[in-house]
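Remarks on the structure that follows.
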Amino acid sequence: MIGRSNRAVVVAALLCALLASGLAGPAEAQPKPEGEVRWALYVTLTPLWLDPAEVVGQLTPFWVLYAMHDALVKPMPGNLMAPSLAESWTLSADHRTYEFKLRDGLKFHNGDPFTAEDVKFSFQRAKGARVLKEKVREIEVVGANRVRFHLHEPFPDFMAFYGTLATGAGWIVPKAYVRRWATTASSDSRSGSGPTGS
């Protein structure tokens, strides 16, 4: 007579033998996914996560930002600093000026055009970017689609703070809409640039 513990060992050994010998059947290739992607998070959302200015460099709020807003530069698969709302950027020879060329023709969800004024406004209202803000001397709007960040001195980590998830300072909101929204104190509708910025 086989005891209970011995029976469990025999059953486990048989299952291992089946799997090792391939009798369980070969694995088949999965078809390429099509259609809609549903995205779910098991967290309680705080209203602060809806506004990039309130983000203080923790990963969880960025789940919401990626769904609602867009940044000049942000981490994407295969590129830790992928251009998004910014088409490109340059660094001056003295390492004190970053100039961003913005993508043309983009609009926020509410229809407002995306401009360099929105970039400046979003940076100025970011609360979780104290170190970064202390390094920036001036933000110059060169044109509707060009903005320059002038630094007090060279700061090699500027893009690490501005173009990654270290702060929410690079995530852009529509200046005119936020000002209107702030005066009406209505939270019924938020307007971001969204994952595609269009």
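Readers should treat all values here as calculations from the given coordinates under stated rules, not as data from a laboratory. Keep in mind that this is a model prediction, so the values were computed, not measured. FYI the Cβ positions are ideal-geometry reconstructions off the backbone, even for glycines, and counts take in every protein chain you see.
Among the listed pairs LYS107/LYS135; LYS135/LYS175; LYS32/LYS101, give every one whose C-alpha distance is greater than 28 Å.
Those over the limit are LYS107/LYS135; LYS32/LYS101.
Once you keep just the Cα pairs under 8 angstrom separated by 6 or more residues, what percentage relative contact order results for the range 47-184?
32 percent
Excluding PRO83 itself, calculate the net charge of residues whose Cβ lies under 10 Å from the Cβ of PRO83, where each Lys or Arg counts +1 and each Asp or Glu counts -1.
Charge balance near PRO83 sits at +2.
Could you give the nm distance between label points at TRP63 and HIS109, where each point is 7 Å from its Cα heading toward the beta carbon?
Taking the two extended label points, one gets 1.8 nm.
Within 10 Å of each candidate Cβ there may be at most 11 other Cβ atoms; applying that plus a DSSP loop requirement, which chymotrypsin sites (Phe, Trp or Tyr not before Pro) in the range 41-143 survive?
TYR42
Could you derive backbone 3J(HN,Hα) for the range 143-160 from the dihedral phi with the Karplus parameters 6.51, -1.76 and 1.60 (θ = phi - 60°), listing whole Hz in sequence and x where the residue is Gly or Pro?
With the stated coefficients, the range 143-160 comes to x, 4, 10, 8, 9, 10, 9, 9, 9, 5, 8, x, 9, x, 8, 3, 5, 5 Hz.
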